[in-house]
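Report on the following structure.
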Amino acid sequence: MSGWLSVRAIAIVALLLALVLLPVHVELGGSRFLLTLFTRIIILALAAVSLNLILGYGGMMSFGHAAYLGIGGYAVGILAHEGVFTGFIQWPVALAASALFALVIGALSLRTRGVYFIMITLAFAQMAYYVVAGLARYGGDDGLTIYKRSQFIAPIDLSNKVQFYYICLALLFGSMYLVRRIVNSRFGLAIQGARSNDTRMRAIGFPTYRYKLVCFVIAGTLCGLSGALIANHTDFVSPAMMYWTRSGDLIIMVVLGGMGSTFGPLVGAVALLVLEEVLSSITEYWQIILGPLLLLVVLFARGGIDGLLGKVRHG
Amino acid sequence: MADLLRVENLAKRFGGIVATDDLVLNIPEGELHAVIGPNGAGKTTLIAQLSGQLTPDSGRIHFAGSDITAEPMYARSALGLARSFQITSLFLDLSVLDNVALAVQARAGHSFHFWHNARREPELRDPARTALARVGLSARADLPASALSHGEHRQLELAMALASRPRMLLLDEPMAGLGPEESARMVTMLRELKKELTILLVEHDMEAVFALADRITVLVYGRVIASGKPEDIRNNAQVRDAYLGEQEAVHA
Ligand SMILES: Nc1ncnc2c1ncn2[C@@H]1O[C@H](COP(=O)(O)OP(=O)(O)OP(=O)(O)O)[C@@H](O)[C@H]1O
Ligand SMILES: [Mg+2]
């Protein structure tokens with residue numbers, strides 16, 4: 001099953017190649033819509049990668065991860081609304097605000113376990129949702145249109161669709177590499193130990209709360225980046241992007257693709273969003289088809305799609 | 001020799017049940033001290049309080065000269081107090097070697113290292129392999145811990161305790177559920193360990209207890225009813241009545 005010529009390796013290389021070459025296909029006359037769709041998929045895959053760090057490796061079932069999409073997005077949107085267009089301010093603010101939010105939520109929720117943890121993360125995300133919906137100055141419920149994308153120096157131009165696509169893709173690959181490094185480091189093993197058996201970790205001398213909190217903050221920050229990208233992609237932010245069903249979508253991507261796998265979240269994001277696109281063009285009742293499909297994967301492929309392809313789990 | 005562990009008037013209740021009753025216990029450095037007693041006597045509860053998993057209602061615990069009564073579990077472990085669990089408590093989805101390497105990592109300073117591959121660090125892997133070799137699990141290093149037999153889990157527990165380079169081991173029924181051969185191997189292993197470590201051993205296997213212990217404390221309903229050298233305990237009438245009688249045949 002392992003080795004370079006496994007089904008899994010071929011499938012993943014093919015997927016990565018397709019993602020890299022997609023703009024070429026579009027330039028050669030393919031549908032422009034594909035570029036828009038896949039930019040969105042890549043950005044949400046980045047959010048799923050960040051969720052996988054805490055959910056797949058850390059065993060922290062956060063049901064409020066979309067909050068960071070909103071916070072990152074609104075950081076960009078609000079600053080643009082106030083006339084600050086430079087990405088060198090917008091993006092660090094987006095990341096810092098997400099990190100801070102994660103620190104507060106994590107500090108409170110990580111003292112609890114199981115259902116309580118899920119409920120607290122959900123509650124905080126919903127609170128953020130209502131706070132944002134109440135910001136009359138920034139569009140409230142209706143959201144906020146962004147008239148100018150984040151500005152960077154000379155050759156970088158986010159309004160160039162192809163360029164923006166490649167920037168998102170590079171950030172996705174960069175994040176996947178970062179997460180891979182983290183989970184194999186001492187920190188990553190401490191996190192996985194805490195997922196596996198928290199009591200034992202503390203008994204052998206790990207203050208697990210601190211490690212989990214730092215992990216939670218890293219994941220939130222990374223997801224905030226995804227939020228900043230979405231804002232630039234849709235030129236619009238609204239409270240809907242942090243609604244709890246969006247958090248559910250991110251969980252589905254991670255579980256569908258394969259928890260605790262480097263490529264799982266990407267595979268899951270592609271599978272879920274392409275499926276959604278295809279099914280919804282066939283019937284408006286597409287969720288009736290998607291639901292059972294998801295159930296099958298969860299029931300029969302514990303490692304998600306990546307597991308089906310033959311990923312050997314060792315951690 | 002100075003006492004490494006000193007327990008003063010420890011008490012713990014669960015509702016109406018008195019699990020630890022005004023318990024006094026002193027263990028000098030280098031001693032293998034066995035704690036025996038019938039089911040429900042409060043042995044596991046005692047270990048849980050010593051390791052910091054449970055907070056006593058009253059009393060004090062001193063380890064290596066400092067009062068650790070209020071210290072959290074991880075801090076006690078950092079001071080060199082390691083515990084094994086009566087019910088096997090491992091990282092089942094990690095490899096056998098990862099399990100032990102985590103115990104090494106626990107003693108190697110903080111783990112806020114985010115970049116280097118910890119599975120390739122000799123400072124973590126080498127001591128872990130050494131500990132596995134000492135308990136005879138080298139050949140199983142790369143399997144997931146869930147693939148091991150019950151007896152091997154007990155060995156792995158011990159390897160993890162060893163790998164954390166403790167000054168004192170708290171062992172809760174390391175022989176539980178082992179076959180005669182595996183038990184014998186465990187006794188040999190403990191006899192080796194006792195040369196370097198102070199050990200508190202909770203065990204129902206009387207043959208093992210009397211073979212290994214320097215001193216024995218007998219608990220009944222959370223109270224110490226006797227404490228002393230193995231010969232004294234064996235000949236103590238109260239202990240025989242309360243506890244040993246039923247097992248007389250085993251070590252007569
Ligand atoms: N968390 C708890 N809540 C309530 N009662 C408890 C709890 N833990 C232990 N007890 C009770 O405290 C008493 C001592 O239990 P403990 O597990 O310490 O006994 P033990 O000596 O380890 O027994 P065994 O030989 O069966 O392992 C028992 O009566 C038990 O039912
Ligand atoms: Mg017990």
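Screening the stretch B:175-204 for residues that are in contact with a helix residue (DSSP H, G or I) (Cβ under 6 Å, 6 or more places away or on another chain), of a type outside the set (A, V, I, L, M) and within 16 Å of ligand 1 (Cβ to nearest atom) and picking the one that is nearest to residue B:94 (Cα to Cα) gives B:177. Could you please let me know if residue B:174 is more than 10 Å from chain A (Cβ to nearest Cβ), in contact with a Lys or Arg (Cβ under 9 Å, 6 or more places away or on another chain) and either closer than 25 Å to residue B:48 by Cα or assigned to a helix (DSSP H, G or I) (or both)? The answer is yes for residue B:174.
Of the residues screened, residue A:231 is not one that is in contact with a strand residue (DSSP E or B) (Cβ under 7 Å, 6 or more places away or on another chain), within 7 Å of chain B (Cβ to nearest Cβ) and either of a type in the set (Ser, Thr, Tyr) or on the phi < 0 side of the Ramachandran plot (or both). The residues in the stretch B:144-157 that are in contact with a Leu (Cβ under 8 Å, 6 or more places away or on another chain), within 14 Å of chain A (Cβ to nearest Cβ) and either at pLDDT below 90 or in a helix (DSSP H, G or I) (or both) can be counted, and the count is 5. Against the conditions (1) away from ligand 1 (no atom under 15 Å from the Cβ); (2) touching a strand residue (DSSP E or B) at 6+ places or on another chain (Cβ under 6 Å); (3) outside any helix (DSSP H, G or I), residue B:239 satisfies every one except (3). Would you pick out the residues in the stretch B:12-47 that are among the charged types (D, E, K, R) and within 12 Å of ligand 2 (Cβ to nearest atom)? Within the stretch B:12-47, B:43 is the sole residue that qualifies. Quick check: is even one residue across the stretch A:194-206 surrounded by fewer than 19 Cβ atoms within 10 Å (Cβ to Cβ), of a type in the set (Asp, Glu) and under 30 Å from residue A:143 (Cβ atoms)? Within the stretch A:194-206 (the criterion being surrounded by fewer than 19 Cβ atoms within 10 Å (Cβ to Cβ), of a type in the set (Asp, Glu) and under 30 Å from residue A:143 (Cβ atoms)), the answer is no, since none of the residues qualifies.
To keep it simple, each residue is scored yes or no on (1) crowded, with 23+ Cβ neighbours inside 10 Å; (2) farther than 21 Å from residue A:194 by Cα; (3) within 16 Å of ligand 2 (Cβ to nearest atom).
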site	(1), (2), (3)
B:122	no, yes, no
B:125	no, no, no
B:148	no, no, no
B:154	yes, no, yes
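Residues that are farther than 17 Å from residue A:117 by Cβ and of a type in the set (Ser, Thr, Tyr) were ranked within the stretch A:50-74; the one that is nearest to the chain's Cα centre (by Cα) is A:50.
If you filter the stretch B:49-78 down to residues that are more than 10 Å from every other protein chain (Cβ to nearest Cβ) and within 16 Å of ligand 2 (Cβ to nearest atom), you find that the one that is farthest from the chain's Cα centre (by Cα) is B:54.
Taken together, the residues in the stretch A:277-315 that are without any contact (Cβ under 8 Å) to a residue 24 or more places away in the chain and farther than 16 Å from residue A:255 by Cα amount to 13.
Criterion first (farther than 14 Å from residue B:38 by Cβ and free of Cβ contacts under 8 Å to residues at least 12 places away in the same chain) does residue B:211 satisfy it? Judged against the criteria, residue B:211 is not a match.
The condition of being on the phi < 0 side of the Ramachandran plot and either surrounded by fewer than 18 Cβ atoms within 10 Å (Cβ to Cβ) or away from ligand 1 (no atom under 16 Å from the Cβ) (or both) holds for only one of B:51, B:77, B:84, that being B:77. Residues that are in a helix (DSSP H, G or I) and under 11 Å from the mean Cα position of the chain (by Cα) were ranked within the stretch B:158-171; the one that is surrounded by the most Cβ atoms within 10 Å (Cβ to Cβ) is B:161.
Consider the stretch B:105-114 and keep the residues that are facing chain A (nearest Cβ under 7 Å) and closer than 29 Å to residue B:27 by Cβ. The one that is surrounded by the fewest Cβ atoms within 10 Å (Cβ to Cβ) is B:107.
Every test in (1) acidic (Asp, Glu); (2) closer than 26 Å to residue B:104 by Cβ; (3) surrounded by fewer than 17 Cβ atoms within 10 Å (Cβ to Cβ) is passed by residue B:181 save one, and that test is (2).
Of all residues in the stretch B:12-23, exactly one satisfies the criterion of being more than 8 Å from ligand 1 (Cβ to nearest atom), free of Cβ contacts under 8 Å to residues at least 60 places away in the same chain and in a strand (DSSP E or B), namely B:13. Taking residue B:229 and the conditions (1) more than 16 Å from the chain's Cα centre (by Cα); (2) within 16 Å of ligand 2 (Cβ to nearest atom), which numbered condition does it fall short on, given that it satisfies the others? Every listed condition holds for residue B:229 apart from (2). A single entry from A:153, A:191, A:167, A:146 fulfils the requirement of being crowded, with 21+ Cβ neighbours inside 10 Å and either charged (D, E, K, R) or more than 30 Å from residue B:101 (Cβ to Cβ) (or both): A:146. Checking each residue in the stretch B:79-104 for being in contact with an Asp or Glu (Cβ under 9 Å, 6 or more places away or on another chain) and within 8 Å of another protein chain (Cβ to nearest Cβ) picks out B:83, B:85, B:89, B:90, B:91, B:95, B:101. More than 12 Å from ligand 1 (Cβ to nearest atom) and of a type in the set (Val, Ile, Thr): does that describe residue B:35? No, not satisfied. Residues of the stretch B:199-216 that are within 16 Å of ligand 2 (Cβ to nearest atom) and over 15 Å from the mean Cα position of the chain (by Cα): B:206 alone. Of the listed requirements (1) under 30 Å from residue B:6 (Cβ atoms); (2) facing chain A (nearest Cβ under 8 Å); (3) not polar (S, T, N, Q), residue B:124 misses just one: (1).
The values are calculated or read from the model by the stated rules, or taken from the named source; none is laboratory data. Note that the coordinates shown come from a computational prediction; the quantities given were computed from them, not determined experimentally. Don't worry about glycine lacking a Cβ; one is built from the backbone with ideal geometry, like all the others, and counts go over all protein chains shown.
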